[in-house]
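Note sheet for the following structure.
Taken together, the values in this text are just the output of simple stated rules run on the coordinates, not laboratory data. Note that the coordinates shown come from a computational prediction; the quantities given were computed from them, not determined experimentally. With ideal geometry, Cβ positions are generated from the backbone for all residues, glycine too; neighbour counts draw on all protein chains shown.
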Amino acid sequence: MTGDPTRPLLMVEHLTQRFGGLVAVSDVSFSARDREITAIIGPNGAGKTTVFNCLTGFYPPTSGRLTVSHCGRSWLLERMEAHRIAGAARVARTFQNVRLFGGMSVLENLIVAQHNKLMKASFFTLAGLFGLPSFRRAEVEAVDKARYWLNRVGLVGVADWQAGNLPYGAQRRLEIARAMCTEPRLLCLDEPAAGLNPRESADLSELLRFIRDQHQIGVLLIEHDMSVVMQISDHVVVLDYGRKISEGPPEQVRLDPAVIAAYLGEEGDG
């Protein structure tokens, strides 16, 4: 498919997701642009993670169109399997619960993330078996990329540690580094600040701004920490009971009476 270079990086059009009689997401439409951080917020049960699961192939949507456009092409995500969404459309994600390979080293987690590129360079093991130059170059590049991201997230000194032995905040940063090693054009982060202390949240905000500004990709963020959302987001989408109730710049959304009533005004949700 030929894509329009002026189109948003992501277009969600009339997305609906039903589970039996339960409507988790109802006729939701929004867009996310390249080189911007777009946040999806809302109370628990608003449908935020369901939207992510539809975007990344975990659930086939009941109805609606999900389009990612970049590099002169477009992909209809609702027609693709999860591995093709990650590989061809270049959409990467993290999860609410950390999903690292706990028994592998920190460095190995980032090498494994580049498995597809290494397999192609090895001609699916032939070049690897014979140590051909193309595979050796790919190996060096994979290690260089891994060490670059370890440096960016402050984990170079623990590269040989088992990932499962890292403090929680470090595991969160490693997950983002692992996602970036896949060279995504859209990075989807599901509550990356959950469980972080104020200093770790500030470091996370700095990292996400760096990814947006220096790697020039789109970031789609689900987050309950409003200090993170309001400081770093270029655009905010608000869901409540599966429906979109507001959308716009953070300053506009913060003052929206519907948002205040549904989310920001609830004690304990800040």
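Of note:
- Degrees, to the nearest 10: 168-180 long Cα axis against longest axis of the chain: 80
- A Cβ-based charge dipole, computed about the Cα centre of the chain with Lys and Arg at +1 and Asp and Glu at -1, lands at about 1040 debye.
- Label point distance in nm, Val156-Glu183, each placed 7 Å from Cα along Cα→Cβ: 2.3
- Per-pair calculated FRET efficiency, R0 = 41 Å: Tyr241 and His215 via Cβ, rounded to 0.05: 0.70
- Estimated inter-spin distance, Ala194 and Ala88, nm [label 7 Å along Cα→Cβ]: 3.1
- Given R0 = 41 Å, the distance between the Cβ atoms of Asp234 and Phe19 translates into a calculated FRET efficiency of 0.80.
- Choice from Cys71, Cys181, Cys54 with maximal GNM fluctuation in the chain (Cα, 10 Å cutoff): Cys71
- For the stretch 49-63, 3J(HN,Hα) per residue [Karplus equation, 6.51 cos²θ - 1.76 cosθ + 1.60, θ = phi - 60°, Hz, x = Gly/Pro]: 5, 4, 4, 4, 5, 5, 5, 9, x, 6, 10, x, x, 5, 7
- Cβ-based net charge around Ile85, under 12 Å, with every Lys or Arg adding one and every Asp or Glu removing one: +3
- Of the options (1) 141; (2) 116; (3) 129, only one is volume of the Cα convex hull per residue in Å³ as computed from these coordinates, and that is (1).
- Taking the DSSP beta bridges with both ends in the chain, the antiparallel portion is around 60 percent.
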